[in-house]
Amino acid sequence: MHSFIPPERFFPYLTWADIQTMPDKANVVIIQPVGAIEQHGHHLPLIVDSAIGVGVLGKALAQLEPDIPAYALPNLFYGKSNEHWHFPGTITLSAQTLLAVLMEMADSIYRAGFRKLVLMNSHGGQPQVMEIAARDIHQKYGDFLVFPLFTWRVPNVAKDLISAKELELGIHAGDAETSLMLSLLPEQVKMERAVAEYPKGLPEDSLLSMEGKLPFAWLTQELSQSGTLGDPTLATKEKGDRILESLVSGWVRVIQDIYKFRQPQGN
Ligand SMILES: [Zn+2]
């Protein structure tokens, strides 16, 4: 049941009495991985974002010093994926439902006595929901410290291994995600079906862009026939291994930082 998570770090394997008697609960780091079940082109399975989140987290928890207490909650497989909803197999929650699930999970974690919660999101379509949830949870419980983090945002080597064009436009099922999947779940990657597809008709000579500082709303079907945005044919397992290793080191560091973190206090 724990997949990539080391069993001794898997929250659901604890008993209620383990939690009742756990020392220093205010600093125990509880991590909620949030993924998605959504189309990832012809060559990748629906599980990609969930697999990447749990894979990175599990390997980071395996490397973390044993004296830093940190536990992974079960992955939340369903996310807000309505940009992909024209493609069958995509399962989407509304923003309101996802927000309600996160808020009510947080109520339960707080009631158990924990005071540090990480929302570790791996799907590019929902960081905004994590940010709203984190602010609302912290506003409800002033001593509950909440961290809305995106899996890919820790320091990592993707920018050295992936082309500039791909870094900007390869945002879904492209080189980076495909390489990582070749490292994590190679038997689920069908490279012979991979096709490169970049969106056409993007604004030129314009302040507006797909994912930049001044974006426009889009649906995947408007930008791609295959569901891929990027060039997965460039992907290799070797690149994936290196990107994975760097994401894992980044997550070890950020979990250490959260364990030490104290909320800033004005006078
Ligand atoms: Zn993805």
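Derivation of every value follows stated rules applied to the coordinates shown; laboratory data play no part. Note that the structure is predicted; figures quoted are calculated from it, not measured. Note that we place each Cβ from the backbone using ideal geometry, even for glycine, and neighbour counts take in every protein chain shown.
Modelled this way, with points 7 Å down the Cα-to-C-beta line, the labels at Arg253 and Glu238 are 2.5 nm from one another. Projecting the Cα atoms of Thr21, Gly230, Met105 onto the charge dipole of the chain (Cβ charges, centred on the Cα centre) puts Thr21 farthest toward the positive pole. Among Ala51, Ala196, Ala217, the residue with the largest mean-square fluctuation in a Gaussian network model of the chain, with springs joining Cα atoms closer than 10 Å, is Ala217. Positive-end ranking of Trp152, Gly201, Asn267 along the dipole of segment 126-267, with charges on Cβ about the Cα centre, is headed by Asn267.
Mean residue ellipticity at 222 nm, helices only, the chain: -11500 deg cm²/dmol; runs of at least 4 DSSP H residues each add -39,500 (n - 2.57), and the sum is divided by the number of residues.
Write down the percent of antiparallel bridges among all DSSP beta bridges whose residues are both part of the chain, to the nearest 5. Intermediate values should be presented prior to the final figure.
Values: 4 of 23 bridges.
Expressed as a percentage, antiparallel bridges in the chain total about 15.
Along its principal axes, segment 23-100 has C-alpha extents of 48, 30, 13 angstrom, given from the largest down.
Which residue fluctuates most in the GNM of the chain (Cα springs below 10 Å): Trp152, Trp85, Trp251? In this elastic network of the chain, the residue with the biggest mean-square fluctuation among Trp152, Trp85, Trp251 is Trp85.
Report, as a whole number in µm² per second, the diffusion coefficient that Stokes-Einstein gives for segment 102-147 at 4 °C and 1.567 mPa s using the Kirkwood radius over alpha carbon pairs. Intermediate values should be presented prior to the final figure.
Values: Rh = 10.7 Å.
It diffuses with D of about 121 µm²/s by this estimate.
State to the nearest 20 debye the size of the charge dipole of the chain about its Cα centre, where the only charges are +1 on K and R beta carbons and -1 on D and E beta carbons.
In total the dipole reaches around 620 debye.
Compute the label zone of Val195 within segment 67-101: residues whose backbone N is under 16 Å from the point 7 Å along Cα-to-Cβ. Counting backbone N atoms under 16 Å from the label point, the list is 87-88. Please check which bits of segment 137-181 a label hung off Ser209 would reach, taking the label as a point 7 Å along Cα-to-C-beta and the cut-off as backbone N under 14 Å. So the set is 164-171. Taking every alpha-carbon pair in segment 1-144 and binning the separations at 10 Å intervals from zero gives 11, 39, 35, 12, 2 percent. Which residue, chosen from Trp251, Ile52, Trp85, occupies the Cα position most advanced towards the positive end of the dipole of the chain, where the dipole is computed from +1 (Lys, Arg) and -1 (Asp, Glu) charges on Cβ about the Cα centre? Result: Trp251, furthest along the dipole toward the positive end. What is the list of residues in segment 52-80 whose amide nitrogen lies under 14 Å from a point 7 angstrom out from the Cα of Asp24, following Cα to Cβ? Under 14 Å, as judged by backbone N against the label point of Asp24, lie 65-71 of segment 52-80. Length gained on full extension, Gln265 to Ser94: 58.0 nm, using 0.36 nm per residue less the C-alpha separation. Comparing Ala133, Ala60, Ala17 in a Gaussian network model of the chain where C-alpha atoms under 10 Å apart are linked, the largest mean-square fluctuation is found at Ala17.
Projecting label points 7 angstrom from Cα along Cα→Cβ for Asp136 and Tyr13 puts them 3.3 nm apart. Ratio of Rg to Rh for the chain: 0.98 [Cα atoms; Kirkwood radius as inverse mean 1/r over pairs].
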